[in-house]
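One structure below.
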Amino acid sequence: MVAGARGTGKTSLIKLFLDTSDFSSSATLEQKDSVAAFMSKSRKGTRAIQKASVEIAEARYDRILLTLIDTPGLRFEEGEELALERSVYATSCVCSIGTNSW
């Protein structure tokens, strides 16, 4: 997860990771689509928490599932902290619902 102030290059850093990674031959179509969607997003600023996951080939036999999470820029102005906290809370609730293991 990458977090920081607005305009500091968080999205650019994640795009650099994805652009220079060697995807595993066993990466699924869903993983490749999540990367393509992330890479094609606008450069006007991140408005919501977004993620991309893909299996990468680290070495000849090593594969790693890389998940990168991009967050909206933090605003350090009085009264703005609550908006980000609500956004993070909403995202964590959605993730928890989607990962039931029963």
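The values are calculated or read from the model by the stated rules, or taken from the named source; none is laboratory data. What you see is a predicted model, and the numbers here were worked out from it, not measured in a lab. Here the Cβ is made from the backbone with ideal geometry for all residues, glycine too, and neighbour counts use every protein chain on show.
One table, with the values for the structure above:
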quantity	calculated
Test result for A48, assigned to a loop (DSSP other than H, G, I, E, B), surrounded by fewer than 18 Cβ atoms within 10 Å (Cβ to Cβ) and among the small types (G, A, S)	yes
Residues that are in a helix (DSSP H, G or I) and loosely packed, with under 14 Cβ neighbours inside 10 Å, drawn from region 2-12	S12
Candidate set: region 36-45, residues that are within 16 Å of T71 (Cα to Cα) and not basic (K, R); chosen: the one surrounded by the fewest Cβ atoms within 10 Å (Cβ to Cβ)	S42
Failed condition for A27, given (1) touching a helix residue (DSSP H, G or I) at 6+ places or on another chain (Cβ under 9 Å); (2) outside any loop (DSSP other than H, G, I, E, B); (3) more than 28 Å from R6 (Cα to Cα)	(2)
Residue in region 31-53 that is farthest from G7 (Cα to Cα), counting only those that are among the polar types (S, T, N, Q) and modelled with pLDDT under 85	S42
Sole exception among (1) at pLDDT below 80; (2) closer than 19 Å to R6 by Cα for L68, by number	(1)
Given (1) under 15 Å from the mean Cα position of the chain (by Cα); (2) not in a helix (DSSP H, G or I), index of the condition Y61 fails	(1)
